[in-house]
Every structure is written in structure tokens, then in C-alpha cells.
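This report refers to the structure that appears directly beneath it.
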Amino acid sequence: MADTIFDVVILGGGPAGYTCGIRAAQYGLKVALVDANDRLGGTCLLWGCIPTKAMLFSAELWDHLKHADRYGIDVQPPKLNWKNVLARKDDVITRHTKGLDFLMKKNKITTFKGFGKLTGPAKDGVHTIDVKLSDGKPETIKAKKVVLATGSDARVLPGYKPDDTILTNYEILKIAEAPKSLIVIGSGAVGVEFASIFKSFGAEVTILEVLPRIVPVEDEEISKELLRQFKKREIEVNLSIKDTKIEKNKNGALVTWTDANGKPQSKQAEKVLMAVGRSPRTEGIGLEKTSIKPERGFVMTNQWQETTEPGVYAIGDIVGGLPQLAHVGSMAGLVVAARIAGKYAKPINRTRIPGCTYTEPQVASVGLTEAQAKEKGYTVKVGKFPFVGNSKATILDAHDGFVKVVTDAKYGEILGVHIIGPYATEIISECVTAIELEATVEEMMFTIHAHPTVAEALLDAFSSVEGKAVNV
């Protein structure tokens, strides 16, 4: 490939990288993609978003089966087949990795399985990437533009390494049996999702969080409601803890910590999951040979995802200042592809990024929380609608939770929407669209919603801002 000059080469085959590559190819650009894994898809498809949601769906079905008589269905006592839960998860992954292979061929994207790194600034407008292929052979790729999309790895607490007892999101997807007890350190999306999964499968689950509330990036009322629901499900949650230590033993591990009152606490569990964030994967990719200076490992970019090195872009989990979410990386990839091709593009607006947590109940949000809106100086007007007033929620036997709408009292602008309840991660898209198009509460109050649907709760929630919700 030494004589071929690509229009763009992308390092990383996760959602950010492959989305960027496909769109760039659709624009008619000649694209190369380098990925170090044996299959495309990155953390999201192989060890993150997709496999966890497959397991969450199995957990949801399991919860329904345990109470099948409530829905008029008589069944023999259901039995959990953990081996088949994992097999279905793997089948979902395989289907989509094969789909990505097809899309690479369809869009004429040249793929290299190996580890790529920058060799320095462009010469005569052409960048050179050195690749160590998976078979150990070297390869050289030349391109006019480079996109860094190398992803992230799970963080672990200092002094510990993942094994068959102390787990990250990677190891926990491969355990041979569902544990009878699990301690989860961290209550962000990863932590609470796995807590929800294994509680459904019958484990005794304990969550440890250093901050004063769970899902701390969410609106405070959402955090409070999820905590209430977790306690209702008998998931033990410990907040404002510190000094966490893990000591492995023959029965798993003993975890000790200091609680919010300064008292020492301890708990034994078969498995311990570390869900304490993710580290950008930027070591060894040649940044030191460029003008790019990482901040805490993250690559900083401007609004168009351009780095300080001319012709080099960064997207996905390695970018500082943006949430480490697959859909953020994918959109960044679309923005970069359009910019390189000279097509229309819009930069990512952080206040219009949806966040979804697939627990039971689900959590989803977009825009400003109530506290953030007040901090920005808005005169805030809030509306809330409980799912207990929604007929589809009654059909689903999912009454818990609510929709909260945060608005600017002066103009009726929708500043944020926060949902906890059934199908929250699906219906949030309407709210993203409303904010993206700068819809007002008044306009959303006269937007027809089909009946009966969970989405109708949004109509009542927008109406509740003006004190005019019909169904409560």
C-alpha cells in the first residue's frame, strides 16, 4: 500500500471510526480503516453497549417470567440458563460484526487488522501511518487526512488488576456462572446497569459510590427516584463512601470502606465489578511525534474535531470535553467525514446529547438539569408527569417514574427533559428533536401523540409546565 494515497485513514473500528469511514466513503472518498481487534465494532459492540443490552433484555424477560401469572400466563417455574444467556449475547455480537464486514466491502473501505500510529507531521500534504499487522508484519499507509478513533479502556482502582474475581465490563461478560453476590464500585451507567442485570438474575447486589448520589450526571430528582427504585428491588446502595479496599479470598473478595458517617464497613461477595470510568486509549499512537499534547490522556479538539496537528482529527472516547458515549462518537465521525469531503456539517452541541441508562426502570435525559439551568441564570419553570397517569404504563405494569421538563419561563424554551420509567431510552429521541429544533412548550402541547403509548406521557409532561396535564 506504500504507493496508494488514501483520502482519509481512520485509526479505530468502533462506532466513531466505522461510522466516519462509511460516511466518508459515501461522499466518494477513498478510505482506509485500521483496527487492532480481531473484529470490528470496538468496545461498544464487543464488550459494552450491545452485549450489556442483550443481557438486560434477558433480565427483563426473566423478571416477567417470574410473575407470568400476573399477565394471565401459567408456566412451569422458569429456570435460568446462564450458558444460553451468554450464547445469545454472543450471537447478537456476531451478527453485527458480520454486518460491519459487509458494510466495509459494500463501501469499498480498505481495512487493516493491526495497530497503527502516527509517524509525524504531513509531508507535502500526505500523512504516513505505520501499522503493525496482527500477523506481526509491518505496513505503511499514506493519507491526506487522519482520524484518531482509538477508543477507551476500563479504569481500575490503583493497585488492582482485573482477574476472575475483580472484574471490569470486559471480564464480567465472560464469567462462567451468574454470581450469587456482587459488589459494584461506581454508580454511573455501567455500574447501575450491571447491578440491575444481576439483581434480576437473583444476586445479592451492593453498590458503592464516592459521590452523594447515584447516576450523578443526571438531574437530582432522577437520581433520587432511581435510588428509591433500587432500594425497592433490595439493591443495597452506599453513598459518599471512601477508602475502598479489596481483599481476595477463597470465597471471592472482602471489600471494606468508610461510610458517610466515617464508620468502617465491610462486605463479602463472590465478584467485584469496577465501574469507575474509562481511560482514553492514546498511548503508543505516535502523538509525541506531532503537536498534539494530551490532557490527562485525552486529545483536545475544536468544534470540528480538529486537533492541533494539521490534517489530524479526533473522535470518540479519546476526545476531551465530550461524553464518552457511542452515539457522540458516531456523530463526531459524521461531522468529520462531511468536513473532509467539503459537505454541510453541524458541530456537536453538548446540550443536545441524549444520555441513556438501561436499568430497570430506564433513565434517559437531554439538555440542562434544573440545577444547571438555574446556574446559567435562567428563570426556570418545571413540569412533571408521573407514569402512573399513563395508560400504556398500566398495560406494561410499569407505573414507577416520571417525566420532568425544564424550561425557560420567559420564552417557553425547552431547556432539558429527564425521564425515569418505561421505554425512557426510546422516547427521549422526541425530546432531542424538540430541543434541536428549538420547539417551545406551547408547540409541544399541540403535537399529537398516538394513544395508547408511553410517549403520550411527554404530551402530559410538556402540558404540566403550564399546569395543564390532562391525565393527573
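FYI, it's all coordinate maths here, none of it is from the lab. Note that this is a predicted model, so its numbers are computed, not measured. Quick reminder, even Gly has a Cβ in these numbers, built from the backbone with ideal geometry, and neighbours come from all protein chains shown.
Go through Lys132/Lys199; Lys113/Lys250; Lys232/Lys392; Lys53/Lys404; Lys245/Lys374 and tell me which ones have a Cα-Cα distance over 31 Å in this structure.
Check vs 31 Å cut-off fails for Lys132/Lys199; Lys113/Lys250; Lys245/Lys374.
What's the angle, to the nearest 10 degrees (0 to 90), between helix 82-106's Cα axis and the longest principal axis of the chain?
Compared with the principal axis, the helix lies near 40 degrees.
If you take the Cα Rg of segment 361-464 and divide it by 2.2 N^0.38 Å, with N the number of residues, what do you get?
For segment 361-464, the normalised Cα radius of gyration is 1.00.
Tally Lys/Arg at +1 and Asp/Glu at -1 over every other residue whose Cβ is under 14 Å from the Cβ of Arg39; what's the total?
Result for the neighbourhood of Arg39: -2.
Could you work out the helix-only [θ] at 222 nm for the chain, with each DSSP H run of four or more residues adding -39,500 (n - 2.57) and the total divided by the number of residues, to the nearest 500 deg cm²/dmol?
Calculated mean residue ellipticity at 222 nm is -9500 deg cm²/dmol.
On a 0 to 90° scale, report how tilted helix 326-341 is relative to the longest principal axis of the chain, with both axes built from alpha carbons and the result rounded to the nearest 10.
Tilt of helix 326-341: around 30 degrees.
Could you order the peptides 250-256, 159-165 from most to least packed, using the average number of other C-beta atoms within 10 Å per residue?
250-256, 159-165
By how many degrees, between 0 and 90 and to the nearest 10, does the Cα long axis of helix 189-200 differ from the longest principal axis of the chain?
50 degrees
If you average the alpha carbon positions of segment 401-472 and of segment 222-254, how far apart do those two centres end up, in angstrom?
33 Å
Would you mind telling me the antiparallel percentage of the DSSP bridges in the chain, rounded to 5?
The answer is about 60 percent antiparallel.
Mind jotting down the distance between the C-alpha centroids of segment 40-84 and segment 339-373, whole Å?
Answer, in whole Å: 28.
How high is the relative contact order of segment 8-167, given as a whole-number percent (alpha carbon pairs under 8 Å, six or more residues apart)?
32 percent.
Checking the a/c ratio against 1.5 first, then a/b against b/c, what shape does the Cα gyration tensor give for segment 166-276?
Because a/c hits 1.5 or more and a/b fails to exceed b/c, segment 166-276 counts as oblate.
Rounded to the nearest 20 Debye, what is the dipole magnitude of the chain about its Cα centre when Lys and Arg each give +1 and Asp and Glu each give -1 at the C-beta?
The calculated dipole for the chain is roughly 1100 debye.
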